[in-house]
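Below is one structure; the comments refer to it alone.
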């Protein structure tokens, strides 16, 4: 089982089997997604695909992204590491609004999307604290 392989063959095999997006285009794509998200009050419903209907980019490789794909990339690739990017102060301040959004939880380098099923646990009303029952009124 111990086989030795020529280094050049090994590197050639790795290069042929791996395909990835060039690093130079990813930051521009992520910046484009961030700029779209913080504009026109979209942060209030950024998890909804309809917020991405008018999204566009000048990066040729990503021009054909559907609104669903753009939304998914933002929520799962960009938002979890959004604090690692050097953004203008105005953009950083707008992104801090995510702290108040019930669908997002702050994590170490950004925010994590929390499915809406968990939102209901945030809004549990308790009798005599939040509401008064009609039977308790005299």
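Coordinate-derived values only; no laboratory data. These numbers were taken from a predicted model, which means no experiment stands behind them. Cβ: placed from backbone, ideal geometry, glycine included. Neighbour counts: every protein chain shown.
Which order do peptides 99-110, 73-84, 45-56 fall in by mean Cβ count within 10 Å, highest first? Don't jump to the answer; show the numbers that get you there.
Details: 99-110: 13.4, 73-84: 17.4, 45-56: 15.3.
Answer by packing, highest mean first, reads 73-84, 45-56, 99-110.
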Self-check item: Estimated FRET transfer efficiency when R0 is 41 angstrom, pair residue 137-residue 81 (beta carbons, to 0.05)
Solution: 0.20
Quiz item: By how many nm would the segment from residue 97 to residue 63 lengthen if fully extended, with 0.36 nm per residue of separation less the alpha-carbon distance?
Solution: 9.4 nm
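Report the FRET efficiency, 1/(1 + (r/R0)^6), for residue 130 and residue 28, where r is their Cβ-Cβ distance and R0 is 41 Å, rounded to 0.05.
On the way: r = 47 Å, r/R0 = 1.15.
After rounding, the FRET efficiency stands at 0.30.
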